[in-house]
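Below: one structure, written as structure tokens.
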Amino acid sequence: FISLVVGIYALLIPDLAQNTISAAFIVIGIASLFINFYTDAKDKYQVAGSALTDKFHELRILYQTVKSTNAGDDLTQHTEVLKRIQKEVFSLRINKQIFLSDWYAHYKFFWQSQTEWMNEQLRFSLLRDKWPLSFTIIVFLIVAGLIYKATLLLINLIHFC
């Protein structure tokens, strides 16, 4: 809330009246308001996250077990375990997510977890899988904006000379 107030006052006070600073404070303030909407459900998210992590480890063990079987072995039992894990995962998921939680989830999953065993089969790529789509779009827009600004600066320098 405080950053939102500072951002709004920064639009009015001449010493703080830089649009970039004001916009940053307003965005941070709005983001913190969105995050505060989920404070009551924090325990629910914690329980679901821990249970999903347990299912992730169960899936890794199942993968290693199936990988160590011989060609032609009966995999019916393993298929049933996979179906059970999938059913439990679907029952644990929470569709309404907190602001930017997908960014945090990508970071936790791809950069802090041991996912090499999954990468053997899925071949994760950086832009398609390891970065959230919204992050990729924002990076693209920032780079495009910087290129645009640099182009305008060069055009002005050429006309000035």
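The values are calculated or read from the model by the stated rules, or taken from the named source; none is laboratory data. Quick caveat, the model's predicted, so the values are computed rather than measured. Here Cβ is always computed from backbone atoms with ideal geometry, including for glycine, and neighbour counts include all displayed protein chains.
One table, with the values for the structure above:
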| read-out | value |
| --- | --- |
| Hits in the range 46-88 - residues which are in contact (Cβ under 8 Å) with a residue 24 or more places away in the chain and closer than 16 Å to Thr115 by Cβ | Leu52, Lys55, Phe56, Glu58, Leu59, Arg60, Tyr63, Gln64 |
| Subset of the range 88-106 (residues that are out of contact with any helix residue (DSSP H, G or I) (no Cβ under 7 Å at 6 or more places or on another chain), at pLDDT 90 or above and surrounded by 14 or more Cβ atoms within 10 Å (Cβ to Cβ)) | none |
